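The next block holds one structure in the form of structure tokens; read it before the comments.
What follows is calculated from the coordinates using simple rules that are stated; it is not laboratory data. Keep in mind it's a predicted model, so treat the numbers as computed, not measured. Cβ: placed from backbone, ideal geometry, glycine included. Neighbour counts: every protein chain shown.
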Amino acid sequence: MKKIALEEHFGASDPNIVEQSAEHFTPDAWPARRAALLDIHEARLQQMDDLEIEKVILSLLAPGIQSLHDRAHAVDWAHRLNDYAADHVAVNPARFASFAALPMQDPDAATEELRRSVKELGLLGALINGFSQVDDENTVVYLDDPRYEDFWATVAELDVPVYLHPRDPLVSQSPQYDGHPWLYGSSWAFSVETGTHALRLMGSGLFDRHPGVRIILGHLGELLPFNIWRTDHRLAVAPRGLDVEHSFGHYLRTNFYLTTSGNFRTPALLNAIQEVGADRIMFSADYPFESMEEAARWFDAIELNDRDKEKIASGNAARLFGLESG
Ligand code: GRE
Ligand code: ZN
């Protein structure tokens, strides 16, 4: 079945950001993954052809710009890496598109870079890797911070989605993981960190002020579809100062889209479909951290009615990004 995939990462060696991903692999596995992050038009495209993935929306690896705590460094690298992404899309625009990476360390610069990326480079929105480290490595700022009010207004005005992608919490600020390093990364901490960040956005009133803002979450929703009923159920009796117009389940079903990136598990997909509906779920792999082949073979074999399967494979993404559906 024809598919569009949209959490598909790249790295670059100029500026040299690809090395950020080395920590996620054993030294013997890293050279091949490094090469896969740097490649776009060869092995990646070959696999897309083999697996009926007609289009990939690229995004920079994580934490990417979000960990560059020096503001000027973040602004410069985001600009250069968005140019780099646009240049690669231009080589084969039928098969590739890209999200922008944004220097959230400087909210005005991030807003301008989003505008430039969408209007001048033709990128399809932004992918932000969670909180940003700002000015020093231990200061973290989440996207619900008031300094981002103009940024979110611009997201609404440009009418482009923002992919909220995982990063690890800082070791210095995560005593719950001390001595248990296997809890970091994509095994667990990524999802808890990102699901919590999404709840912060809901609780901040962002979607009351800007009902048109659309957030994409990977990994079948970073644990939220499983737990959202309980969160609302408890907040109804113990709101602890929460003051927003709707339930979190409402925001999840109204302002969020989910992808299958890195979560190739049919029971989890069916839970997500039951909670948010098949119109809000999109196929993705999370290449090259995950196997494009495993993602595609799992998805193609799922027994689901044809209408919903086609929407998840490509129809929802085509509609959300204004792509021609073919
Ligand atoms: C991801 O982008 O989702 C990712 C990483 C690093 C390791 C695993 C993973 O950035 O899924
Ligand atoms: Zn990813």
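For Tyr163, the residues whose modelled amide H falls within less than 5 Å of its own, excluding neighbours fewer than 5 places apart on the same chain, are Ala126, Leu127, Ile128, Ile216.
Sequence-ordered 3J(HN,Hα) estimates for region 21-37 from the Karplus curve with 6.51, -1.76 and 1.60 and θ = phi - 60° stand at 8, 4, 5, 8, 9, 5, x, 6, 7, 4, x, 5, 5, 4, 4, 5, 5 Hz, glycine and proline given as x. With K and R counted +1 and D and E -1, the other residues having a Cβ less than 14 Å from that of Leu121 yield a net charge of -1. Sum up the charges of everything whose Cβ sits under 14 Å from the Cβ of Leu223, counting Lys and Arg as +1 and Asp and Glu as -1, but leave Leu223 out. Surrounding charge for Leu223 is -1.
Under 17 Å from a label point set 7 Å out along the Cα-to-Cβ vector of Trp229, the amide N atoms of region 246-275 belong to 247-253, 267-275. Under a 5 Å amide H cut-off, with hydrogens placed 1.01 Å from N, Ile281 pairs with Leu258 among residues at least 5 apart or on other chains. The string of couplings for region 296-309 from the Karplus curve (6.51, -1.76, 1.60, θ = phi - 60°) is 5, 5, 4, 5, 4, 8, 5, 8, 9, 4, 4, 5, 5, 5 Hz, one whole number per residue in order, with x for Gly and Pro. May I ask you to list the lysines whose Cα is less than 24 Å away from that of Lys2, ignoring any residue fewer than eight positions away on the same chain? The reachable lysines, counting only those whose Cα sits under 24 Å from Lys2, are Lys55, Lys309, Lys311.
Remark: region 231-247, residue by residue, has Karplus-estimated 3J(HN,Hα) of 4, 5, 4, 6, 5, 5, 9, 9, x, 6, x, 4, 9, 10, 6, 10, 6 Hz, where x stands for each Gly or Pro and the curve is 6.51 cos²θ - 1.76 cosθ + 1.60 at θ = phi - 60°.
Rounded to the nearest 500, the 222 nm mean residue ellipticity of the chain from helices alone is -12000 deg cm²/dmol, with -39,500 (n - 2.57) taken per DSSP H run of at least 4 residues.
The modelled label-to-label distance for the pair Asp50/Ala153, using points 7 Å beyond Cα in the direction of Cβ, is 5.0 nm. Looking at region 183-232, the chymotrypsin sites (Phe, Trp or Tyr not before Pro) that sit in a DSSP loop and have at most 14 other Cβ atoms within 10 Å of their own Cβ are Trp188. Taking the fewest neighbouring Cβ atoms within 10 Å as the starting point, the ordered list for Ser67, Ser314, Ser117 is Ser67, Ser314, Ser117.
Mind checking which of Ala12, Ala94, Ala285 has the largest fluctuation in a GNM of the chain, springs on alpha carbons under 10 Å? Largest GNM mean-square fluctuation: Ala94.
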